[in-house]
Structures are given as C-alpha cells and as structure tokens.
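For reference, the structure discussed in these notes is given below.
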Ligand SMILES: [Zn+2]
C-alpha cells in the first residue's frame, strides 16, 4: 500500500503505511529521558515552556520507506547530542566524539519539514504551513545529501558566556522572515546551546546571523580550565569553532 500524507512524496518511492514519526527524532528524545521541556508548539502559549512525555510529540508525516531511508540522520543527531550532554555533565575530557556536520544539517532539515508537515509551526500565535516539502532543493538536500555552498547550513553561537543548563531542555522552532514572508530556517536550543539551520538565501538575513559561526569544526566546553568537546567534520572544514565557558545551573544538579 502506498501512503498518502508523506511529506517526501514529491521525491517518489513512498512505501508502507505512515509511520509514527517524532518530529525531533525518537532516538534523541529517548536520550533526553522520558520527559522534556519544550516550547514553540501550537498548543503552548507563546513564550512558555512545558514538560511533556517524549512519546506525545509524535505525528504521522512520513511513510515507512522514507522514514527508514532517513534513519541514519536520527542516529547522527543522537550521537551529537549525547556528546554535547556528556560535555555539559563533565562526563569526559578532551574530545568525547565526532559527528559529520552535513548529517546534522540534514537532520535539522528533517525536523523542520516534519514540523511544517505536522502543522506544528506557529507564527504570531497562528498555526501555519510553509509547504516546505514542495521545494525540491530542500528534498534534494534531505535525501541526497546535496551540499550547500552558498551560506545555507548550520550556524552556532560564539558567545563566551552562555547559561548552560544540566537539565533536559530542548526548544525548536522556525525562523520566519517577516520581510519576505517565508521560512528562512529553524533554530534549536539544546540545554541552552543554540543552533540555526539557515535554509534561505543568507544575504537577506544578516541580522539574525551576526555573531554566529558558520559550520563550526568543534564545540568546546571550558569548565574552569577543564576542557572537553565535540568535533564536527565537514567536507570543507572552516577552521573555526565554538568555545563555551560554562555557567552552571546550580538549581538543577546533574543526574
Ligand atoms: Zn514517503
């Protein structure tokens, strides 16, 4: 049986039923525990966060065949965030792991397309869809790993002092370009560490990318001189990285 309602239908090859897909990857959510703190969902008032069960975030937006095809992105993301969490919790020194950057970009794109298809996108209090899955260049990036070389891709902040939380917090949402009335990407914050995936032409978006690093080669944590970090490999290394001098949230002990 061929599914209808799969957001990847435009690339062809749908198969099986619609599978229960977690917009932020079940493997990642499982990493973070049974419950997590989320924000930006349509059922939440703007600017508020809520603790929810990870299983409640599922939606049926991909067929089984396409879901299987993208499983490697979920495992890459789970590795990335597991390594970041190990650094935040001081569970290691030096390099605690390596992840392929293009896979993280593809995973964030999958999350954004899933959010859009599930109508989880809220702009100024209104649910809306950007119909992102009709843009063939986005599907080509997602399924074929098409390399972006024009400033689109992953960015991270270069703040020297970031409030890093040891609790499981995750927020995710679209970036809405008010001038062009289009989605220009998405922003994800993992325990206070922000990442942007820029999918639109960045020349229009300098305002939100100022002070952000494009495709950092590493994310390093400095806990009072004790350093640990995650390496991010790119087809074309940038030679730049992010250094985060942690300020611990002492309200929430590591667990
Ligand atoms: Zn499909």
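The values are calculated or read from the model by the stated rules, or taken from the named source; none is laboratory data. Keep in mind that this is a model prediction, so the values were computed, not measured. Neighbour counts are summed over all protein chains in view; Cβ atoms, including those assigned to glycine, are modelled from backbone coordinates with ideal geometry.
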| field | Wholly within the stretch 183-255, strands (runs of 3 or more DSSP E) carrying at least 1 residues that are within 16 Å of the chain's Cα centre (by Cα), farther than 24 Å from residue 116 by Cα and modelled with pLDDT under 90 | value | 212-214
| note | Scanning the stretch 1-14 for residues that are touching a strand residue (DSSP E or B) at 6+ places or on another chain (Cβ under 7 Å) and more than 7 Å from the ligand (Cβ to nearest atom), the one modelled with the highest pLDDT turns out to be 7
| field | Subset tally (residues that are at pLDDT 80 or above and within 15 Å of the chain's Cα centre (by Cα)) for the stretch 110-137 | value | 7
| Hey, any hits in the stretch 59-66 for a residue that's near the ligand (Cβ under 9 Å from one of its atoms), surrounded by fewer than 21 Cβ atoms within 10 Å (Cβ to Cβ) and modelled with pLDDT of 75 or more? | yes
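Conditions tested, residue by residue: (1) touching a strand residue (DSSP E or B) at 6+ places or on another chain (Cβ under 7 Å); (2) at positive phi; (3) within 16 Å of the ligand (Cβ to nearest atom).
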{"site": "53", "(1), (2), (3)": "yes, no, no"}
{"site": "70", "(1), (2), (3)": "no, no, yes"}
{"site": "83", "(1), (2), (3)": "yes, no, no"}
{"site": "110", "(1), (2), (3)": "no, no, yes"}
{"site": "132", "(1), (2), (3)": "yes, no, yes"}
{"site": "140", "(1), (2), (3)": "no, no, yes"}
{"site": "145", "(1), (2), (3)": "no, yes, no"}
| said: So, in the stretch 109-139, how many residues would count as being over 30 Å from residue 48 (Cβ atoms) and surrounded by 15 or more Cβ atoms within 10 Å (Cβ to Cβ)? | reply: 2
| said: Being farther than 16 Å from residue 196 by Cβ, at pLDDT 85 or above and crowded, with 22+ Cβ neighbours inside 10 Å is the requirement here; does residue 142 meet it? | reply: yes
